[in-house]
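The block underneath contains the structure these notes are about, expressed in structure tokens.
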Amino acid sequence: MSDAHADLPTAGTGLEPPIAAVRVLNCGRAEQHREHRFGSRTPRLWWVFFSRKWVPLPLQFFLIEHRDGPVLFDTGIDPAITSDKGYISQAIGRFLLPRIFRFDLGEADRIDRVLERAGVAVGDIRTAVISHLHFDHTGGIAQIPQADLLVSEREWSILSEPHPEREWILREHLETPSAKWRQIAFTPTDDPLFDGFDGIHDVLGDGSMILLPTPGHTRGSLSMLIRQAGWDPILLAGDLTYEAALLDQDVVPGVGEAEVLRASFAKVRVLKKRLPDLAIVASHDFAAAELVARATGAAPERGGTRD
Ligand SMILES: [Zn+2]
């Protein structure tokens, strides 16, 4: 915690800070190859087929309790991906998935159940920010048909190409009649804090949640900067990295575009220079709950876990 946030809108106006809590919710467990998480010199197809080194991967999404209503950052995974043989329509995807991930998922991991255990009504979610369109971040959109789903224009453009499923973007679960997708364009800013980034998007217009383009994992991946007085700033980084330390050390994972990832890593490290207390929180980092708790002065989240 620090108190170097005098410029942020808050309590000085007699208003409570806009965000009551940031919560890290668990929606299942998986394993991935070591080479996937930490990078490798061996070609991707080699480790997908031949690596026997599996490491645990937590599946998580985030709930921001904003006074205008609860906001999600990503929507978890649909456990039907393991129970429904037809969930992935392409045979190649059904063949490859278990060679890339080993899932441990149950019905209790669907976001309506996860939110219920966290004491939040799924029908109250008005906005979900989608870091990128992979199935483990978009699996809950069918449960929140009332919500605006914010995605970057660049990410959405992948769907207009012939084979988005080759990038694990499953059109059949995204382009559904109930989903209220809102493509966002990043707009230029003269705020020196964001120098180097290709524009920003202020989610609710109060500066508390700022979206930043951080491509590389996918071409339109974004991160969300959460700031409010009394808290250390938090960057929800999606899958830009699997752990903050890897981004610090410039270690790119075994997937994504390495050069684009390194360029985004560099921008985030500059942001951290400007905001030295910045907590960089990756979606699949086991330390996510601890990092958020430390930044906000709350107790680490436990309510969203099923064990
Ligand atoms: Zn992911």
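Of the residues making up the stretch 15-45, those that are over 30 Å from A229 (Cα atoms), touching a His at 6+ places or on another chain (Cβ under 9 Å) and surrounded by 15 or more Cβ atoms within 10 Å (Cβ to Cβ) are A30, Q32, R37, S40.
Screening the stretch 199-213 for residues that are in a loop (DSSP other than H, G, I, E, B) and hydrophobic (A, V, I, L, M, F, W, C) and picking the one that is surrounded by the fewest Cβ atoms within 10 Å (Cβ to Cβ) gives L204.
Under 7 Å between Cβ atoms, which residue pairs at least 6 apart in sequence (or on different chains) link something in the stretch 82-94 that is modelled with pLDDT under 85 and surrounded by fewer than 16 Cβ atoms within 10 Å (Cβ to Cβ) with a partner that is β-branched (V, I, T) and not in a helix (DSSP H, G or I)? So the pair list comes out as R94/I88. Candidates are the residues of the stretch 133-146 that are among the hydrophobic types (A, V, I, L, M, F, W, C) and surrounded by fewer than 24 Cβ atoms within 10 Å (Cβ to Cβ); the one that is nearest to the ligand (Cβ to nearest atom) is F135.
Determine whether the stretch 159-177 contains at least one residue that is more than 16 Å from the ligand (Cβ to nearest atom) and in contact with a Pro (Cβ under 7 Å, 6 or more places away or on another chain). Yes, because at least one residue in the stretch 159-177 is more than 16 Å from the ligand (Cβ to nearest atom) and in contact with a Pro (Cβ under 7 Å, 6 or more places away or on another chain).
When S152 is tested against (1) among the polar types (S, T, N, Q); (2) under 23 Å from P58 (Cα atoms); (3) touching a Gly at 6+ places or on another chain (Cβ under 8 Å), exactly one condition is not met: (2).
Checked against (1) more than 16 Å from D74 (Cα to Cα); (2) part of a loop (DSSP other than H, G, I, E, B); (3) in contact with a Phe, Trp or Tyr (Cβ under 9 Å, 6 or more places away or on another chain), S178 passes all but condition (3). For the stretch 275-282, check the following and say yes or no: at least one residue is out of contact with any Asp or Glu (no Cβ under 9 Å at 6 or more places or on another chain), within 16 Å of the ligand (Cβ to nearest atom) and over 19 Å from G196 (Cβ atoms). Checked against the condition, which is being out of contact with any Asp or Glu (no Cβ under 9 Å at 6 or more places or on another chain), within 16 Å of the ligand (Cβ to nearest atom) and over 19 Å from G196 (Cβ atoms), the stretch 275-282 yields at least one hit.
Yes/no matrix, rows are residues, columns are (1) of a type outside the set (S, T, N, Q); (2) touching a Pro at 6+ places or on another chain (Cβ under 7 Å):
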residue	(1), (2)
G39	yes, yes
P43	yes, no
W46	yes, no
Q60	no, no
H66	yes, yes
G69	yes, no
F73	yes, no
I81	yes, no
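Whether any residue in the stretch 211-225 is of a type in the set (V, I, T) and away from the ligand (no atom under 16 Å from the Cβ) is what I want to check. No, the stretch 211-225 contains no residue that is of a type in the set (V, I, T) and away from the ligand (no atom under 16 Å from the Cβ). Total residues in the stretch 261-282 satisfying the condition of being out of contact with any His (no Cβ under 9 Å at 6 or more places or on another chain) and under 14 Å from D239 (Cβ atoms): the figure is 5. Only one entry of G216, G220, G196 meets the criterion of being touching a residue at least 60 places away in the same chain (Cβ under 8 Å) and either buried (at least 16 other Cβ atoms within 10 Å of the Cβ) or assigned to a helix (DSSP H, G or I) (or both), and that entry is G220.
Of the set (1) assigned to a loop (DSSP other than H, G, I, E, B); (2) of a type in the set (K, R); (3) surrounded by fewer than 16 Cβ atoms within 10 Å (Cβ to Cβ), all apply to R166 but (1).
Of all residues in the stretch 91-132, which are touching a helix residue (DSSP H, G or I) at 6+ places or on another chain (Cβ under 6 Å), away from the ligand (no atom under 16 Å from the Cβ) and not basic (K, R)? D112, L115, V122 - these are the residues of the stretch 91-132 that are touching a helix residue (DSSP H, G or I) at 6+ places or on another chain (Cβ under 6 Å), away from the ligand (no atom under 16 Å from the Cβ) and not basic (K, R). Checking the stated criteria, V48 turns out to be modelled with pLDDT under 95, surrounded by 14 or more Cβ atoms within 10 Å (Cβ to Cβ) and assigned to a helix (DSSP H, G or I).
Taken residue by residue, the stretch 174-186 has at least one member that is in contact (Cβ under 8 Å) with a residue 40 or more places away in the chain and buried (at least 18 other Cβ atoms within 10 Å of the Cβ).
The values are calculated or read from the model by the stated rules, or taken from the named source; none is laboratory data. What you are looking at is a predicted structure, and each value in this text was computed from that prediction instead of being measured. Every residue, glycine among them, receives a Cβ derived from its backbone with ideal geometry; neighbour counts consider all protein chains shown.
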